[in-house]
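First up is the structure itself, then whatever we jot down about it.
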There are 2 protein chains.
Amino acid sequence: MTVSHRTPPLAASSVASAVELLRERNLRVSAARRLVLEALFAADKPLTAEEIAAGLEGWLPASDLASVYRNLDTLEEIGLVRHFHLGHGPGRYSLATADEREFVACELCGAFEAVDPSRLDAARELIAKELGYEARFSHFPIVGTCPACLADRNQEGSHAHP
Amino acid sequence: MTVSHRTPPLAASSVASAVELLRERNLRVSAARRLVLEALFAADKPLTAEEIAAGLEGWLPASDLASVYRNLDTLEEIGLVRHFHLGHGPGRYSLATADEREFVACELCGAFEAVDPSRLDAARELIAKELGYEARFSHFPIVGTCPACLADRNQEGSHAHP
DNA sequence: TCCGATGTTGCGAGGCATGCGCAAGAGGGA
DNA sequence: TCCCTCTTGCGCATGCCTCGCAACATCGGA
């Protein structure tokens, strides 16, 4: 799923509770499906479909990539999963949280972080005022230069006049 | 070229002056190269490599897609061309302007516009203060909902209580 | 004006991130 | 346990590029 879903988020606290939510929606709890959930619950960061299919480097059984994409898609449709895009490169998937997350990414080093949307409300407001657009950084992040790379850049500049 | 270049922009006013700049850099002025420039000068909006290769629907001779990409890349490297990414979908290329452009895009209808970076400085400042990141919307735009789609959405909501 | 060194072109093939079709297989209510 | 469906797995297709390589063109120099 390369497109952003707008289903309200469903925050599950465990694989078991997520499975429960699947059943409530008459979705089957297949091995492949459960594996995707287990990978997402086990991970501490957004995963690519490839990483999930590979079984998190052996921690979990490997599974079919196409099925992983399909399952991520259905899970996202019901609100259990969210994904965003880190510049070029594959999409990154994670469990949905009650409050949607937004992202910032560094175009130099590739670092990224999730941020609470409220921290971006002021900026969002300014953008709305100036352009009339309502910005959303949950599917496509704010791209720029992270603090570390900014520091590196200043470092470089400084040795011109030691 | 899927990556952003940081060469200072070179604003050319015509194909001839752009060609001049190529010669100054010891780059050859081949037919294919000139065609890319002609397409960009003829267009009133950012083009995809595919559109350029197709000769703008017959206005110009068609050319090889791989060469178009290579030429856009070299032109971008010397600062004559810039490109940005509209969500998924191919990159969009346009002639560089003396002042860099930044972009906003609507994730619902696909519309996008170029904006003067100064109009986003306040938002950029807020983001820097809040996250420490220096945001740049010239390669990856601000993604959100455009005024028209926002109006549509309100329209929909309103007929609940006429 | 011809020449040669080298930058470029135009294919064709390859790669990555997805998406699709379809027959085989597995959930789970009756 | 049966059977209807939902899912899986596999292979192949697609969109957007990128690469390798031989043929070819450009442009400074003889």
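Could you tell me the calculated FRET efficiency between A:Glu113 and A:Trp59, based on Cβ-Cβ distance and R0 = 25 angstrom, to the nearest 0.05?
Details: r = 24 Å, r/R0 = 0.96.
About 0.55, to the nearest 0.05.
Starting with the fewest neighbours, write out B:Leu80, A:Leu65, B:Leu131 ranked by other beta-carbon atoms found within 10 Å of each beta-carbon.
Numbers: B:Leu80 24, A:Leu65 13, B:Leu131 19.
Listing B:Leu80, A:Leu65, B:Leu131 from fewest to most nearby Cβ atoms yields A:Leu65, B:Leu131, B:Leu80.
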Between copies, how far does the label point of B:Arg28 sit from its twins, in nm, shortest first, when each point is 7 Å from Cα along Cα→Cβ?
-> 6.0
Since chains A and B are linked by a rotation, which residue in A has the beta carbon closest to its axis, and how far is it in Å?
-> A:Ala123, 2
Please work out whether the protein assembly as shown counts as rounded, prolate or oblate from its C-alpha gyration tensor, where a ≥ b ≥ c are the square roots of the eigenvalues and a/c under 1.5 means rounded, while otherwise a/b larger than b/c means prolate and anything else oblate?
-> prolate
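Could you work out the relative contact order of segment B:84-162, using alpha carbon pairs under 8 angstrom and six or more residues apart, expressed as a whole percent?
Numbers: 87 pairs, mean separation 27.0, N = 79.
Dividing the mean separation by the residue count of segment B:84-162 yields 34 percent.
Let me check I've understood the local charge: for A:Ala18, count other residues with C-beta under 15 angstrom from its C-beta, Lys and Arg +1, Asp and Glu -1. What total comes out?
Values: positive: A:Arg23, A:Arg25, A:Arg28, A:Arg33, A:Arg34, A:Arg82; negative: A:Glu20, A:Glu24, A:Glu38, A:Glu76, A:Glu77.
With Lys, Arg at +1 and Asp, Glu at -1, the net is +1.
Only helices at least 27 Å long along their own axis, judged from Cα atoms, and with Kyte-Doolittle mean hydropathy of 1.6 or greater: name those in chain A from DSSP H. Can you show the working numbers first?
Working: long enough: none.
Helices passing the filter in chain A: none found.
Which value, in debye to the nearest 20, gives the size of the charge dipole of segment B:46-162 about its Cα centre, when Lys and Arg are +1 and Asp and Glu are -1 at the Cβ?
Numbers: 9 positive and 19 negative charges, 30 e Å.
My answer is approximately 140 debye.
So what's segment A:1-74 giving for Rg/Rh, alpha carbon basis, Kirkwood Rh from the mean inverse pair distance? The partial results should precede the final answer.
On the way: Rg = 11.9 Å, Rh = 12.8 Å.
Over the Cα atoms of segment A:1-74, Rg/Rh equals 0.94.
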Report the local net charge at A:Pro147: Lys and Arg +1, Asp and Glu -1, summed over other residues whose C-beta lies under 13 Å from its C-beta.
-> -2
Using Cα-only point scatterers and the Debye equation, what is log10 of I(q)/I(0) for segment A:31-112 at each q in 0.12, 0.14, 0.19, 0.25 Å⁻¹, rounded to two decimals?
-> -0.33, -0.45, -0.80, -1.25
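If you rank B:Arg28, B:Arg70 by fewest surrounding Cβ atoms within 10 Å, what's the result?
Details: B:Arg28 7, B:Arg70 16.
Sorted ascending by nearby Cβ count, the order is B:Arg28, B:Arg70.
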In nm to one decimal, list the spacings between the B:Ala122 label point and its equivalents in the other copies, with label points set 7 Å along Cα to Cβ, shortest first.
-> 1.3
What is the distance, in nm, between label points placed 7 Å from the Cα along the Cα-to-Cβ direction at A:Ala151 and at A:Glu77?
-> 4.6
Enter the Cα centre distance for the pair segment A:5-51 and segment A:107-153, rounded to the nearest angstrom.
-> 27
Between A:Arg6 and B:Ala32, with labels modelled 7 Å along Cα→Cβ, what's the label distance in nm to one decimal, could you check?
-> 4.3
Only helices counted: for the protein assembly as shown, with every DSSP H run of 4 or more residues adding -39500 (n - 2.57) and the sum spread over all residues, [θ] at 222 nm is -12000 deg cm²/dmol
Can you pull out the chymotrypsin sites (Phe, Trp or Tyr not before Pro) in segment A:1-90 that DSSP calls coil and that have at most 13 other Cβ atoms within 10 Å?
-> A:Trp59
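Fewest first, what order do A:Asp64, A:Asp44 take by the number of other Cβ atoms within 10 Å?
Ranked by crowding around the Cβ, least crowded first: A:Asp44, A:Asp64.
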Count the DSSP beta bridges whose two residues both fall in chain A, then state the antiparallel fraction as a percent rounded to the nearest 5.
-> 75
Whole-number percent relative contact order across chain A, with pairs defined as alpha carbons under 8 Å at least 6 apart = 22
Which distances, shortest first and in nm, link B:Gly110 to the matching position in the other copies, using label points set 7 Å out along Cα to C-beta?
-> 3.1
Principal axis dimensions, largest first and in whole angstrom, of segment B:8-162 by Cα | 64, 40, 24
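Just so you know, all these numbers are worked out from the coordinates, no wet-lab data involved. All values reported here derive from a predicted model rather than from experimental measurement. Glycine gets a Cβ as well: all are built from the backbone with ideal geometry, and neighbour counts include every protein chain shown.
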